[in-house]
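The values are calculated or read from the model by the stated rules, or taken from the named source; none is laboratory data. Quick caveat: nothing in here was measured; it's all calculated off a predicted structure. Quick reminder, even Gly has a Cβ in these numbers, built from the backbone with ideal geometry, and neighbours come from all protein chains shown. The protein model used for the area step is the full one, side chains on, heavy atoms only, and it has no ligands, DNA or RNA in it. Shrake-Rupley method; radii C 1.70, N 1.55, O 1.52, S 1.80 Å.
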Amino acid sequence: MGTKGLPTNGQAPEDFETRMALLREEMVQRQLIDRGIRDERVLAALRKVPRHRFVLPEYVYDAYDDGPLPIGACQTISQPYIVALMTELLHLQGPERVLEVGTGSGYQTAILAELAREVYTVELEADLLERARQVLTAMGYNNIYFRNDDGSAGWPEAAPFDAIIVTAAPPEVPPALIEQLRVGGRLVIPVGSWDQDLRLIVKYGPEPTDSTVQSITPVRFVPLRTRRYEGA
Ligand code: SAH
């Protein structure tokens, strides 16, 4: 290790956290502000949440790099810019209840928990969910609800949601997610198999067809898997 001039031993914990805070500030400036992220609340959340706590120990010094990283179970923690972009598209003001599909490392979950009243997060992989739960609980978040399930069915008991974010890509938008969106709510989701399209769906009426779809940018996420296909 020892990349980026960071000593790996003999370092006081407060020095380590100070270094990490500096890397985080640089990330916010170069990767987010310079690329057009403007929402001050989103920028403040990415400035605050210690991303290095959500990566595997061997990647701690890479946590603020401009890209995704492996988190185990063949999954990845999303690139900081994509986390910021997707969060900004949700237009969170504070009072919202948000559904997240694909907890993964729990990093995006923490960002949402900073910006909304309640976060309902669903993850298919039990091990990843447990690790995320431990990290987020240790950090003191008490507005997050966890569920080990196939998130393409949403979370019917907790619906409707003001905002829904999906961080794994289905071939098509799962209808349950649009159904569980409140009128006026926003859904941000990558769609497609290999070449994916990040979409913003805004629901303006009670019917699932009462929604506008906007194509934002090409992206590459891991596939949204379903229990059905896996025979579980
Ligand atoms: N936001 C996460 C992204 C993790 S990658 C982060 O930044 O860490 C996507 C995650 O979606 C993986 O953890 C994967 O296990 C999960 N996933 C895939 N299919 C799913 C499904 N049908 N329901 C819930 N989670 C799913």
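Key figures for this structure:
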item	result
Only Lys, Arg (+1) and Asp, Glu (-1) charged, at Cβ; segment 70-175 dipole about Cα centre in debye	220 debye
Residue of Val55, Val219, Val166 that the Gaussian network model of the chain assigns the largest fluctuation, springs spanning Cα pairs under 10 Å	Val219
D (Stokes-Einstein, µm²/s), Kirkwood Cα radius, segment 139-204, 1.002 mPa s at 20 °C	168 µm²/s
Segment 157-175 residues near the modelled Asp197 label - backbone nitrogen below 12 Å, point 7 Å along Cα→Cβ	172-173
Furthest towards positive pole of dipole, Gly67, Val55, Gln93, structure part segment 13-230, Cβ charges	Gln93
Ratio Rg/Rh [Cα only; Rh per Kirkwood] for the chain	0.96
Residue-level accessible surface for Ser105, protein heavy atoms, 1.4 Å, Å²	10 Å²
Within segment 156-232, percent of DSSP bridges classed antiparallel, to nearest 5	75 percent
Sites matching trypsin sites (Lys or Arg not before Pro) across segment 144-209 that sit in DSSP coil, with at most 15 neighbouring C-beta atoms within 10 Å	none
MRE, 222 nm, helices only [DSSP H, n ≥ 4, -39500 (n - 2.57), over the chain, to nearest 500]	-8000 deg cm²/dmol
Within the accessible area of the chain (1.4 Å probe), percent carbon and sulfur	52 percent
Residue-count net charge about Pro206 - beta-carbon cut-off 11 Å; Lys, Arg +1, Asp, Glu -1	-1
Segment 13-230 - share of DSSP beta bridges that are antiparallel (%, nearest 5)	45 percent
Computed magnitude of the charge dipole of segment 13-230 (debye, nearest 20; Cβ of K, R +1, Cβ of D, E -1)	240 debye
Karplus-derived HN-Hα couplings along segment 57-72 (A = 6.51, B = -1.76, C = 1.60, θ = phi - 60°), whole Hz, x at Gly and Pro	x, 6, 10, 3, 7, 9, 4, 9, 6, 8, x, x, 9, x, 10, x
